[in-house]
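*Asks:* Encoded as structure tokens, here's the structure I'll be asking about.
The values are calculated or read from the model by the stated rules, or taken from the named source; none is laboratory data. In this text, all values refer to a predicted model and were calculated from it rather than measured experimentally. Cβ atoms come from the backbone with ideal geometry, glycine included; neighbour counts cover every protein chain shown.
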Amino acid sequence: LSLLVDKVLKLSMFEKQEVDIRPERFDLKILVEEVVHSMRLQLEKYGAAVQISSTGDATIKADKLHITSVIFNLLDNALKYSKAHPSIHIHIENNENETILQVTDNGIGIPAEYKNKVFEKFFRVPMGDTHNVKGYGLGLSYVAHVIHQHQGSIQVESQPGIGTQFIIKIPHSA
């Protein structure tokens, strides 16, 4: 069901070139736990370990449906681009100005020359003649668009062969 909702949201966004944001207050840590729980079969299939941590109050005001899809996309990518026994750490931090969501994995990583391109629509990191991972290159474009609609920012830090970390910052004033 999460996958279906995610695809409908993406399709809607790319057809209209915008995202309808309906902000509400919710606990981001609880939402992350719910998404992880809904993906438990996928996580078990990959033999993945997920750790969730937070500091401070994790309450944010944002569009819950779209933020759910953002979390799903990041976790799905962490699994799809993983090595054996994926390890994923999700950390939520709240300071006086913003909420920070970090999703870190031990996957295959992203070469430096492609780090800024991964948020472009239809872009997929070249893998030679083989693409073992199914997809259309829309997930991270959607994620970045949703975060920007919340007046937030997203950045990626990655080292090939070591892993990737996505850092999302959503201001409290959004």
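*Asks:* Which strands (runs of 3 or more DSSP E) does the stretch 16-109 wholly contain that include 2 or more residues that are more than 19 Å from residue 153 (Cα to Cα)?
*Replies:* Because the criterion is at least 2 residues that are more than 19 Å from residue 153 (Cα to Cα), the strands (runs of 3 or more DSSP E) in the stretch 16-109 that meet it are 23-27, 49-55, 87-94.
*Asks:* What tally of residues in the stretch 66-95 results from selecting those that are surrounded by 23 or more Cβ atoms within 10 Å (Cβ to Cβ) and of a type in the set (Ser, Thr, Tyr)?
*Replies:* Here the count works out to 1.
*Asks:* Just need a number here: residues in the stretch 143-174 that are touching a residue at least 60 places away in the same chain (Cβ under 8 Å), outside any strand (DSSP E or B) and under 21 Å from residue 82 (Cβ atoms).
*Replies:* Counting residues in the stretch 143-174 that are touching a residue at least 60 places away in the same chain (Cβ under 8 Å), outside any strand (DSSP E or B) and under 21 Å from residue 82 (Cβ atoms) gives 1.
*Asks:* Would you check which residues across the stretch 27-77 are free of Cβ contacts under 8 Å to residues at least 60 places away in the same chain, within 17 Å of residue 100 (Cβ to Cβ) and not aliphatic (A, V, I, L, M) and list them?
*Replies:* Scanning the stretch 27-77 gives 27, 51, 53, 54, 55, 56, 57, 59.
*Asks:* Tell me, which residue of the stretch 164-174 that is more than 13 Å from residue 58 (Cα to Cα) and modelled with pLDDT under 95 is surrounded by the most Cβ atoms within 10 Å (Cβ to Cβ)?
*Replies:* Looking at residues that are more than 13 Å from residue 58 (Cα to Cα) and modelled with pLDDT under 95, I get 174.
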